[in-house]
Amino acid sequence: MWFHDAVYELSGPDNEGASSQLARQVLSASGVTSEVCSRIAELILLTKHTARPQTPDEQLLIDIDLAILGAASTRFAEYECQIREEYSYVPEEVFREKRRDILRSYVARQNIYSGPHFQGSLEQQARINLSNSLGDCWV
């Protein structure tokens, strides 16, 4: 988790890849075995959210990364505003289209969260938040 988003450039083409490489370099220089460095690098790459996590540690990492989706409605609304502010350089129409696609991709999943803890505690609220956001802001 320490290296997740260690490299974060808004218009950067591969923040996860750069963060993964940085983790590998720092950990290797600190004496961490190559096997552990590789596993951590792989976990960081999973935060691209292009593949479903399979192992328990992958599931936990991704569920933590997506926890904001299941936050209280007011906090989630604040988060959505922060995302828009962060990407203020993107034209409104383009931002809405891309954000809508991202939010819909989570709604389309059978389960947003992989592990039973997050499914039980955040899944329902995440679906409410995403539906509200899609209905109110991104149509």
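The values are calculated or read from the model by the stated rules, or taken from the named source; none is laboratory data. Please read all numbers here as calculations on a predicted model, not as lab measurements. We place every Cβ from the backbone using ideal geometry, glycine too, and count neighbours over all the protein chains shown. Protein only, heavy atoms only, side chains kept; ligands, DNA and RNA dropped before computing areas. Shrake-Rupley method; radii C 1.70, N 1.55, O 1.52, S 1.80 Å.
Picking from Val32, Val7, which residue would you name as being open to solvent by less than 70 Å² (accessible area, probe 1.4 Å) and in contact (Cβ under 8 Å) with a residue 12 or more places away in the chain? Just a single option satisfies the conditions, and that option is Val7.
For the range 74-124, a residue qualifies if it is basic (Lys, Arg) and out of contact with any helix residue (DSSP H, G or I) (no Cβ under 8 Å at 6 or more places or on another chain), and the qualifying residues are Arg96, Lys98, Arg109.
Of the residues making up the range 79-96, those that are without any contact (Cβ under 8 Å) to a residue 24 or more places away in the chain, surrounded by 12 or more Cβ atoms within 10 Å (Cβ to Cβ) and in a helix (DSSP H, G or I) are Tyr79, Ile83, Arg84, Phe95. From the residues in the range 1-22 that are among the aliphatic types (A, V, I, L, M) and over 16 Å from Val36 (Cβ atoms), which one is modelled with the lowest pLDDT? Result: Leu10. How many residues does the range 97-138 contain that are more than 19 Å from Gln59 (Cβ to Cβ), touching a residue at least 40 places away in the same chain (Cβ under 8 Å) and not aliphatic (A, V, I, L, M)? Of the residues in that region, 5 qualify. Against the conditions (1) in a helix (DSSP H, G or I); (2) within 20 Å of Ser121 (Cβ to Cβ); (3) not charged (D, E, K, R), Met1 satisfies every one except (1). Filtering the range 97-139 down to residues that are open to solvent by 70 Å² or more (accessible area, probe 1.4 Å), among the aliphatic types (A, V, I, L, M) and under 23 Å from Ala51 (Cβ atoms), which residue is nearest to the chain's Cα centre (by Cα)? Ranking the candidates gives Ile102 first. Scanning the range 46-78 for residues that are within 17 Å of Asp5 (Cβ to Cβ) and open to solvent by 50 Å² or more (accessible area, probe 1.4 Å) yields a total of 4. If the condition is being touching a helix residue (DSSP H, G or I) at 6+ places or on another chain (Cβ under 8 Å), open to solvent by less than 30 Å² (accessible area, probe 1.4 Å) and either under 12 Å from Lys48 (Cβ atoms) or acidic (Asp, Glu) (or both), then the range 10-24 contributes Gly17, Ser19, Ser20.
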